[in-house]
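*Asks:* Got a structure for you, written out below as structure tokens; questions coming shortly.
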Amino acid sequence: MINQLREQINRYFVGKEEVVDKVLICLLAGGHILLEDVPGVGKTTLARTLAQSVGCSFGRIQFTPDTLPSDVTGASVFNMKTSEFEYREGAVRHQILLADEINRTSPKTQASLLEAMAEGQVTVDGVTYPLPEPFLVIATQNPIEFAGTYPLPEAQLDRFMMRLAIGYPAPEQELVMARNFLNGTDLRAVTPVCSADDICAMKRDVAGVFVSDGVLAYIREIVDLTRKEKKLALGASPRAMIALVCAARACAYIAGRDFVKPDDVREVAIPALHHRVVLSPEARITKENSDGILASVVRAARIPKE
């Protein structure tokens, strides 16, 4: 089923197999994704194709400075006929939610997503409403345009399991995209490979993937080294360690194993950690790259022998 999902998504989202794998890892691990890239590289196409391939409901909200928290969570509306307040669902009541240009809305509206992402529920006028399963937030932001934006605070960045960059496709892959467009490829033709219940069942299987004490200590050492690294002013949090464990489990699962290897940890370490660390002033001056620093941290960690 995982292979069928890959093939289906890659048929419509061309040339980014590694990104598709990372998205599937987040979906099965119960995490959320921040896509940070320039406009026009297929962020919306990826989210919509994923939702249709797994048979889940898809919602999209375009964040602007005047977007209100009630647009996200929903609101209580007075019904004149019944003389009672009724809950009207917001965009968050979909299984896969594309939060487009999340850094263009106010911090108050950004924060309205926090409860949904962390708890899988929303509270409106004191009443709590559970969200459908599975629930995945794919948020996007433009890294090159900062006028009229509200940068995401570190506390909210820490809620995302991975931050991914799609990048431009290779020349031959871009030609394939152009041919698909000329041939009239339509996203509405995407057929479900599995159902939402199948995804929930796979998530339960991922939760049963075995993590040995040695691999757990390896993950803990990577996190600890980020806190001791002089080029980082802020290291990874305990939530980051839990996210790394969950991502490594899902990585092992889609590789067809029921146990985690150090290779799985290395595969997901950088995308799971690079938005959770903050460069030191000295590293900023010398234009260090957080990915490069994290790569050296991962290399420095002792790989378990057993």
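The values are calculated or read from the model by the stated rules, or taken from the named source; none is laboratory data. Quick caveat: nothing in here was measured; it's all calculated off a predicted structure. In this analysis, Cβ positions are derived from the backbone assuming ideal geometry, glycine residues included, and neighbour counts consider all displayed protein chains.
*Asks:* Which of (1) of a type in the set (A, V, I, L, M, F, W, C); (2) in contact with a Phe, Trp or Tyr (Cβ under 9 Å, 6 or more places away or on another chain); (3) under 19 Å from residue 117 (Cα atoms) is the odd one out, the single condition residue 20 does not satisfy?
*Replies:* Unmet for residue 20, out of (1) of a type in the set (A, V, I, L, M, F, W, C); (2) in contact with a Phe, Trp or Tyr (Cβ under 9 Å, 6 or more places away or on another chain); (3) under 19 Å from residue 117 (Cα atoms): (3).
*Asks:* Then there's this: List pairs: first in the range 193-205 and surrounded by 12 or more Cβ atoms within 10 Å (Cβ to Cβ), second among the polar types (S, T, N, Q), Cβ under 9 Å, 6+ apart or cross-chain?
*Replies:* Going by the 9 Å Cβ cut-off, the qualifying pairs are 193/4; 193/8; 193/53; 194/4; 194/53; 196/57; 196/95; 199/95.
*Asks:* Still on this model: If only one of 81, 22 is of a type in the set (Lys, Arg) and farther than 25 Å from residue 173 by Cα, which one is it? Quick ask: steps written out before the conclusion?
*Replies:* Numbers: 22 fails: farther than 25 Å from residue 173 by Cα.
Of 81, 22, the one residue that is of a type in the set (Lys, Arg) and farther than 25 Å from residue 173 by Cα is 81.
*Asks:* Just to verify a result, which residue in the range 62-85, among those that are under 16 Å from residue 128 (Cβ atoms), in contact with a strand residue (DSSP E or B) (Cβ under 6 Å, 6 or more places away or on another chain) and not hydrophobic (A, V, I, L, M, F, W, C), is surrounded by the most Cβ atoms within 10 Å (Cβ to Cβ)?
*Replies:* 73
*Asks:* Turning to a different aspect of this structure: For the range 1-19, name all the residues that are crowded, with 20+ Cβ neighbours inside 10 Å, among the hydrophobic types (A, V, I, L, M, F, W, C) and assigned to a helix (DSSP H, G or I).
*Replies:* Of everything in the range 1-19, those that are crowded, with 20+ Cβ neighbours inside 10 Å, among the hydrophobic types (A, V, I, L, M, F, W, C) and assigned to a helix (DSSP H, G or I) turn out to be 5, 9, 19.
*Asks:* Does residue 131 satisfy the criteria of being under 19 Å from residue 71 (Cα atoms) and either touching an Asp or Glu at 6+ places or on another chain (Cβ under 8 Å) or touching a residue at least 12 places away in the same chain (Cβ under 8 Å) (or both)?
*Replies:* Answer is yes for this residue.
*Asks:* Here is a follow-up. Name the one entry in 156, 141, 173 that is in the same structural domain as residue 64 (by TED's automatic domain parsing), in contact with a strand residue (DSSP E or B) (Cβ under 7 Å, 6 or more places away or on another chain), over 19 Å from residue 25 (Cα atoms) and polar (S, T, N, Q). Steps first, please.
*Replies:* On the way: 156 fails: in contact with a strand residue (DSSP E or B) (Cβ under 7 Å, 6 or more places away or on another chain); 173 fails: in contact with a strand residue (DSSP E or B) (Cβ under 7 Å, 6 or more places away or on another chain).
Going through 156, 141, 173 in turn, the sole match is 141.
*Asks:* Could I ask something else about it? Going residue by residue through the range 39-61, is there one that turns out to be crowded, with 16+ Cβ neighbours inside 10 Å and either free of Cβ contacts under 8 Å to residues at least 40 places away in the same chain or not assigned by TED's automatic domain parsing to the domain that holds residue 116 (or both)?
*Replies:* yes
*Asks:* Kindly provide the set of residues from the range 156-185 that are over 30 Å from residue 117 (Cβ atoms) and in contact (Cβ under 8 Å) with a residue 12 or more places away in the chain, ordered by number.
*Replies:* Looking only at the range 156-185, we keep the residues that are over 30 Å from residue 117 (Cβ atoms), and these are 170-185.
Correct list: 170, 173, 174, 176, 177, 180, 185.
*Asks:* Give me the residue from the range 91-117 that is hydroxyl-bearing (Ser, Thr, Tyr) and surrounded by 23 or more Cβ atoms within 10 Å (Cβ to Cβ) and, out of that set, nearest to residue 35 (Cα to Cα). I'd like the intermediate steps shown before the answer.
*Replies:* Applying the first criterion (hydroxyl-bearing (Ser, Thr, Tyr)) to the range 91-117 yields 105-106, 109, 112.
Those left that are additionally surrounded by 23 or more Cβ atoms within 10 Å (Cβ to Cβ): 105, 109.
Numbers: 105: 16, 109: 18 Å.
So, considering only residues that are hydroxyl-bearing (Ser, Thr, Tyr) and surrounded by 23 or more Cβ atoms within 10 Å (Cβ to Cβ), the one nearest to residue 35 (Cα to Cα) is 105.
*Asks:* Among all residue pairs at least 6 apart or on different chains, which show Cβ distances below 6 Å where the first residue, located in the range 255-276, is more than 17 Å from residue 226 (Cα to Cα) and the second is buried (at least 18 other Cβ atoms within 10 Å of the Cβ) and among the hydroxyl-bearing types (Ser, Thr, Tyr)?
*Replies:* That search, which allows pairs on different chains as well, returns 262/218.
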